[in-house]
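The values are calculated or read from the model by the stated rules, or taken from the named source; none is laboratory data. Every value quoted in this text rests on a predicted model; they were computed, and no experiment measured them. Here the Cβ is made from the backbone with ideal geometry for all residues, glycine too, and neighbour counts use every protein chain on show. Just the protein is used for accessible areas: all its heavy atoms, side chains included, with ligands, DNA and RNA removed. Shrake-Rupley method; radii C 1.70, N 1.55, O 1.52, S 1.80 Å.
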Amino acid sequence: LLSRKASLALVSTSATGPALAERLMASLDQQPGEVNNYANLGYIPGGTIGLFSLARNLRQTLPYDLGGADIWSSASFQSVNSVADFGLVLVLVSDPETARAWVEQVGPALKQNGGNLAMIASAQATPLVQPYFAGFPRQLDGLVSGMAGGAAYEAKSAGGGIARQSWDAYSLGLLVSVFIILIGTALDVTYRALRPGKKGK
């Protein structure tokens, strides 16, 4: 998104989310200046109620960024009056209940105004999230599931990244484990076959 010069507004329903977002943005290997094209709006308290408020009144729910600045008066965000004014709402989620809250509270407001909702979900959240993407009418416009999904997305977009590297390392580790089990089984069978039988009294 940053490579496409997109302006990002980051929010979180987790109290540690804003700090993690800052760490993520700082870790990105971008050209100077590109990584600054975002606003961290901080933490949305209240869980489901907080998301309901976000969908109904964006500017009142999140009037300032973490630094206390009014981003809504900036050139990048002055035309944004509601959540549906964003080109894409992308949710990174590992908790199934949080995923459902985003779909149920923010999704309808987006769909009503032609907005798009997509998710990057952990493997444990995928069974609950998948029906929102595969069902009809579709409530998610995009879904990347787990490390395997991240690696597949990176491969399709012709870009290497941490998901692909981690998946390759995981696959190699799994292959090595299978070989170790097979070798151990073969040695055990061989030992039992060659072991002399017990002599009777």
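Details
- Between Ala134, Ala123, Ala75, the residue with the greatest mean-square fluctuation in the GNM of the chain (Cα pairs under 10 Å linked by springs) is Ala75.
- Note on segment 55-150: the C-alpha convex hull projects to 6.9 nm² when averaged across all orientations.
- Two-site FRET efficiency, Ser82 against Ser14, from Cβ-Cβ distance with R₀ of 35 Å, rounded to 0.05: 0.95
- A probe of 1.4 angstrom, applied to the heavy atoms of all protein chains, finds Lys5 with accessible area near 130 square angstrom.
- Applying 1/(1 + (r/R0)^6) with R0 = 25 Å to the Cβ-Cβ distance of Lys5 and Ile49 gives a FRET efficiency near 0.15.
- Dipole of the chain [Lys/Arg +1, Asp/Glu -1 at C-beta], most positive-end residue of Leu90, Val144, Gln60: Val144
- Under the criterion of Cα pairs below 8 Å and six or more residues apart, the relative contact order for the chain equals 12 percent.
- Rounded if a/c under 1.5, otherwise prolate or oblate - segment 47-108, Cα gyration tensor axes: prolate
- Within the assembled protein chains, the solvent-accessible surface assigned to Leu62 is about 10 Å², based on a 1.4 Å probe.
- The GNM of the chain, with springs linking C-alpha atoms under 10 angstrom apart, assigns the highest mean-square fluctuation among Met25, Met147, Met119 to Met25.
- Stokes-Einstein D for segment 1-99, Kirkwood Rh over Cα pairs, 37 °C, 0.692 mPa s (µm²/s): 230
- Length added when fully stretched, Leu194-Asn57, from 0.36 nm per residue minus Cα-Cα: 41.6 nm
- Beta bridges assigned by DSSP with both partners in the chain are antiparallel in approximately 0 percent of cases.
- A probe of 1.4 angstrom, applied to the heavy atoms of all protein chains, finds Thr16 with accessible area near 80 square angstrom.
- q = 0.09, 0.11, 0.14 Å⁻¹: log10 I(q)/I(0) that the Debye formula gives for the chain, counting C-alpha atoms only: -0.46, -0.61, -0.91
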